[in-house]
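Note sheet for the following structure.
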Amino acid sequence: MSEIRDIWLHAHNMIRSARQIINRDLYPLGLSSAEGNILLHMWTQGKEMGQEQLVDQLDISKAAVSRALDSLERKGYITREPSPEDKRAHWIQLTSTAAEIGPRIEQIYNRVFTLAVQGISHDELDFFMRLFSRISENFAREQAMNT
């Protein structure tokens, strides 16, 4: 029977390995996985959004998001504008430069998914996703009760 240390080790190894592959594949574009995660999220979820939305949706600290956005802005992938409602908040928009590499970034992340599911049937993947979803819901419920 699996114990939490086994599950934790496998989950950690999956995330670490995926991050290393993503970093390697993003390197020629001059991007880190943190920057790639933000660009992919914005590319697939909305070409513009509030900085706080990124923090919440990606579950990354404000400082880490701010650092990544500073770098992405210097590289010409995003623009930041003060929010009309709250001058302390910023509205993030992808630039045409980001739109040009958006499909390439999506391809890199899709490649990681393809590697992950090699030799796994559709039924096994569906079961895995349902199981991970239930585990995620269990953690979210616990977190909500203690916040």
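The values are calculated or read from the model by the stated rules, or taken from the named source; none is laboratory data. These numbers were taken from a predicted model, which means no experiment stands behind them. No Cβ is skipped: glycine too gets one built from the backbone with ideal geometry, and neighbour counts run over all protein chains shown. These accessible areas exclude ligands, DNA and RNA; they are computed on the full protein's heavy atoms, side chains included. Shrake-Rupley method; radii C 1.70, N 1.55, O 1.52, S 1.80 Å.
Restricting the search to helices (runs of 4 or more DSSP H) fully inside region 28-118 and requiring at least 2 residues that are of a type in the set (Phe, Trp, Tyr) gives 96-116. When each of Asp6, Asp25 is tested for being assigned to a helix (DSSP H, G or I) and more than 17 Å from the chain's Cα centre (by Cα), the lone residue that passes is Asp6.
Within region 1-14, residues that are under 19 Å from Val112 (Cα atoms) and without any contact (Cβ under 8 Å) to a residue 60 or more places away in the chain sit with their Cβ atoms under 9 Å from residues that are in a loop (DSSP other than H, G, I, E, B) and not charged (D, E, K, R), at 6+ positions apart or across chains, in these pairs: His10/Ser2.
Every residue, every condition in (1) under 13 Å from Tyr77 (Cα atoms); (2) of a type outside the set (Lys, Arg); (3) touching a helix residue (DSSP H, G or I) at 6+ places or on another chain (Cβ under 6 Å); (4) loosely packed, with under 13 Cβ neighbours inside 10 Å, yes or no:
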position: Asn13; (1), (2), (3), (4): no, yes, no, yes
position: Ile22; (1), (2), (3), (4): no, yes, yes, no
position: Gly30; (1), (2), (3), (4): yes, yes, no, yes
position: Ser33; (1), (2), (3), (4): no, yes, yes, no
position: Gly36; (1), (2), (3), (4): yes, yes, yes, no
position: Leu40; (1), (2), (3), (4): yes, yes, yes, no
position: Gly50; (1), (2), (3), (4): no, yes, no, no
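Residues in region 2-11 that are of a type in the set (A, V, I, L, M, F, W, C) and either open to solvent by 100 Å² or more (accessible area, probe 1.4 Å) or over 17 Å from Phe139 (Cβ atoms) (or both): 3 in all.
The residue pairs whose first member lies in region 85-110 and is farther than 14 Å from Met42 by Cα, whose second member is modelled with pLDDT of 95 or more and buried (at least 16 other Cβ atoms within 10 Å of the Cβ), and whose beta carbons are closer than 6 Å, counting only pairs six or more residues apart or on different chains, are Ile108/Asp25.
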